[in-house]
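Scroll down for the structure; my scribbles are underneath it.
The values are calculated or read from the model by the stated rules, or taken from the named source; none is laboratory data. Here the structure is a predicted model, which means the values were calculated and not measured. In this analysis, Cβ positions are derived from the backbone assuming ideal geometry, glycine residues included, and neighbour counts consider all displayed protein chains.
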Amino acid sequence: MDKLKRAISFLKSFRRKDWDFEDFPVRVVERAPHELRPIHGHTPLRWAAWIIDWVPMRSDGDTPEEAVATLRQRFESFKAENSRLPRPGTRVMPKIVFTPDNEIEDHYDIVEDLMLRVLGFEPGNYLLTNDSSLWDFNDEEEASNEVYYRKIMLLYGIDVSDIEPPTIASIARRIHGSRSAG
């Protein structure tokens, strides 16, 4: 059905050059019960909507209408900020851009120690950026970082439970700051 929607949108797109949200093929689905369990401390919304084959153009909502309304807002924001829209019915893949890792590099020794002693990863067996967070390593069903916070308190003598989001870089920066002050 998606292929048909995409083909119809593509063919209709040649009628004019200025496209609106309604010109793009949209899919709305209800998540299965197993997809609604908390991930990284957040429970996903029940409904998802996206423009077919436009990978980053998606949204979520408590109802199908809310998911589509949020998707429409994202689309309108994109349209306002960009001089060109992709042709309806075509595949749009995002540019892959890696976030910087300069903060990780600035505190490399602390990060390496933290990764080994708190998270159990040997040096060289992980990839981190400034945005990498404790949530990225959390496998617990209860979706909590409390175990990590306690380990950090015991090993480094500092409380990091107030850091939000709990990025590895910000935790390393606080550890560095406590060592510099002491």
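When residues of the stretch 100-135 are filtered for being surrounded by 15 or more Cβ atoms within 10 Å (Cβ to Cβ) and part of a helix (DSSP H, G or I), how many remain? Explain how you work it out, then say what you get.
Initially, the stretch 100-135 is screened for residues surrounded by 15 or more Cβ atoms within 10 Å (Cβ to Cβ), giving 101, 103-104, 107, 110-115, 118-119, 121, 126, 128-135.
Those left that are additionally part of a helix (DSSP H, G or I): 103-104, 110-115, 134-135.
Looking only at that region, the number is 10.
May I ask you to list the residues in the stretch 72-124 that are touching a strand residue (DSSP E or B) at 6+ places or on another chain (Cβ under 9 Å) and hydroxyl-bearing (Ser, Thr, Tyr)?
Thr90
Quick one: would you say Arg150 is among the charged types (D, E, K, R) and over 23 Å from Phe98 (Cα atoms)? Don't jump to the end; show me each part of the working.
Details: among the charged types (D, E, K, R): yes; over 23 Å from Phe98 (Cα atoms): yes.
So Arg150 fits the description; yes.
Just give me the residues in the stretch 1-27 being without any contact (Cβ under 8 Å) to a residue 12 or more places away in the chain and more than 19 Å from Leu71 (Cα to Cα), in sequence order. Before you say what the answer is, go through the steps one by one.
We begin by selecting, within the stretch 1-27, every residue without any contact (Cβ under 8 Å) to a residue 12 or more places away in the chain; these are 1, 3-4, 14-18, 20, 22.
Listed by number, the residues that qualify are Met1, Lys3, Leu4, Phe14, Arg15, Arg16, Lys17.
Out of all the residues in the stretch 153-164, is one or more assigned to a loop (DSSP other than H, G, I, E, B), at negative phi, hydroxyl-bearing (Ser, Thr, Tyr) and not assigned by TED's automatic domain parsing to the domain that holds Val28? Walk me through it before giving the result.
At the first step, the residues of the stretch 153-164 found to be assigned to a loop (DSSP other than H, G, I, E, B) are 157-164.
Pick out the ones that are also at negative phi and you get 158-164.
Applying the additional criterion that residues be hydroxyl-bearing (Ser, Thr, Tyr) yields 161.
Among the residues that remain, those that are also not assigned by TED's automatic domain parsing to the domain that holds Val28 are: 161.
Checking the stretch 153-164: at least one residue is assigned to a loop (DSSP other than H, G, I, E, B), at negative phi, hydroxyl-bearing (Ser, Thr, Tyr) and not assigned by TED's automatic domain parsing to the domain that holds Val28.
Can you name the condition, by its number, that Leu154 falls short on among (1) at pLDDT 95 or above; (2) surrounded by 13 or more Cβ atoms within 10 Å (Cβ to Cβ)?
Going through (1) at pLDDT 95 or above; (2) surrounded by 13 or more Cβ atoms within 10 Å (Cβ to Cβ) one by one, Leu154 breaks only (2).
Need pairs with beta-carbon distance below 6 Å; first residue farther than 12 Å from Val26 by Cβ and within the stretch 51-78, second surrounded by fewer than 14 Cβ atoms within 10 Å (Cβ to Cβ); sequence gap 6+ or separate chains.
Pairs that qualify, where the first residue is farther than 12 Å from Val26 by Cβ and the partner is surrounded by fewer than 14 Cβ atoms within 10 Å (Cβ to Cβ), are Val55/Met93; Val55/Pro94; Pro56/Pro94.
Answer yes if at least one residue in the stretch 73-84 is outside any helix (DSSP H, G or I) and either modelled with pLDDT of 90 or more or in contact with a Leu (Cβ under 6 Å, 6 or more places away or on another chain) (or both), and no otherwise. Working first, answer last.
Step one: list which residues in the stretch 73-84 are outside any helix (DSSP H, G or I), which gives 82-84.
Within this subset, residues satisfying the condition of being either modelled with pLDDT of 90 or more or in contact with a Leu (Cβ under 6 Å, 6 or more places away or on another chain) (or both) are none.
No: the stretch 73-84 contains no residue that is outside any helix (DSSP H, G or I) and either modelled with pLDDT of 90 or more or in contact with a Leu (Cβ under 6 Å, 6 or more places away or on another chain) (or both).
Can we say Thr90 is part of a loop (DSSP other than H, G, I, E, B), over 18 Å from the mean Cα position of the chain (by Cα) and surrounded by 10 or more Cβ atoms within 10 Å (Cβ to Cβ)?
Numbers: part of a loop (DSSP other than H, G, I, E, B): yes; over 18 Å from the mean Cα position of the chain (by Cα): yes; surrounded by 10 or more Cβ atoms within 10 Å (Cβ to Cβ): yes.
So Thr90 fits the description; yes.
Just one of Glu22, Glu30 is at pLDDT 90 or above and farther than 30 Å from Trp135 by Cα; which is it? Spell out the reasoning first.
On the way: Glu30 fails: farther than 30 Å from Trp135 by Cα.
After applying the criteria, what remains is Glu22.
Within the stretch 80-110, count every residue that is basic (Lys, Arg) and without any contact (Cβ under 8 Å) to a residue 12 or more places away in the chain.
Count: 2.
Pairs under 9 Å by beta carbon, first residue over 18 Å from Leu127 (Cα atoms) and in contact (Cβ under 8 Å) with a residue 12 or more places away in the chain in the stretch 150-173, partner β-branched (Val, Ile, Thr) and assigned to a loop (DSSP other than H, G, I, E, B), six or more apart or different chains?
Lys151/Val118; Ile152/Val118; Ile152/Ile158; Ile152/Val160; Leu155/Val118; Tyr156/Val118
What residue, of Ala32, Ala80, Ala48, is aliphatic (A, V, I, L, M) and surrounded by 17 or more Cβ atoms within 10 Å (Cβ to Cβ)? If you could, list the steps in order and put the result at the bottom.
Numbers: Ala32 fails: surrounded by 17 or more Cβ atoms within 10 Å (Cβ to Cβ); Ala80 fails: surrounded by 17 or more Cβ atoms within 10 Å (Cβ to Cβ).
Only one candidate passes the filter, namely Ala48.
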